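Notes follow the structure.
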């Protein structure tokens, strides 16, 4: 696949969202590749110490106001946003149902992207907790019970040195490696059961390389788009404009590109 085709596919799938210039957009789990159109970011693990959760840079990028908070219990008021982006987060969290419920509470529409189970079963990211499928329009979450779908095949790929080659081939058709869901109003989903505590501990202890080509392309594209994006709002977004009533502060202040830690 040519670089032009790869860029075009990424733009159509991940970056093009149906919102007007004055819509408020939230990016959940923004990490090191915040969506170019996002006005506000939310991330539970912004520091370098949690770099294993990201495939690009170790630290989160704080290019816009970033709230340090739990996606399953967001600090934002009901309907605070017009659109929410949640890309490659749900497969990492212990309770995807809670995160999905919060997305529907704080926004009226959005975009979800997760790894597709069949592709992930060939080569998966070490901190993923779920096999995810889109079945008849419903996001289906099956808890993983082992790090790899077939440990024997995974061990072979590792000792033969073929793991990165196989992953590179898969990433050449990255649009087939993911489930993309654009939603409005409600998100149809099914979670088959809790993930095992041992899997959570294993994911927390994982380490990853931060030189993945696809991740670096995504970082470059989102950074470039954000750099040329003009300000869309006639007035700044203020803290009290988006947080829950019980979290509001006086005096109300415009948000800036820094980390907001609440509670």
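The values are calculated or read from the model by the stated rules, or taken from the named source; none is laboratory data. Quantities reported herein were computed from a predicted structural model and do not represent experimental measurements. Virtual Cβ from ideal backbone geometry, glycine too; neighbours counted across all protein chains shown.
General remarks:
- Entirely in the stretch 197-263, the helices (runs of 4 or more DSSP H) that have 3 or more residues that are at pLDDT below 85 and within 21 Å of residue 33 (Cβ to Cβ): 213-228
- Test: residue in the stretch 149-169 that is surrounded by 14 or more Cβ atoms within 10 Å (Cβ to Cβ) and in a strand (DSSP E or B): no
- Selection from the stretch 4-18 of residues that are crowded, with 17+ Cβ neighbours inside 10 Å and either at pLDDT 80 or above or within 24 Å of residue 242 (Cβ to Cβ) (or both): 14, 15, 17
- Residue 150 passes every criterion in (1) within 23 Å of residue 97 (Cβ to Cβ); (2) out of contact with any strand residue (DSSP E or B) (no Cβ under 6 Å at 6 or more places or on another chain); (3) at pLDDT 95 or above apart from (1).
- Of the residues 116, 91, 142, the single one that is in contact (Cβ under 8 Å) with a residue 40 or more places away in the chain, surrounded by fewer than 17 Cβ atoms within 10 Å (Cβ to Cβ) and within 25 Å of residue 193 (Cα to Cα) is 142.
Residues checked against (1) in contact with a helix residue (DSSP H, G or I) (Cβ under 8 Å, 6 or more places away or on another chain); (2) free of Cβ contacts under 8 Å to residues at least 40 places away in the same chain:
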site	(1), (2)
148	yes, yes
173	no, no
180	yes, no
183	no, no
187	yes, no
196	no, no
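- Subset of the stretch 26-74 [modelled with pLDDT of 90 or more and not in a loop (DSSP other than H, G, I, E, B)]: 26, 27, 28, 40, 41, 42, 43, 66, 67, 68
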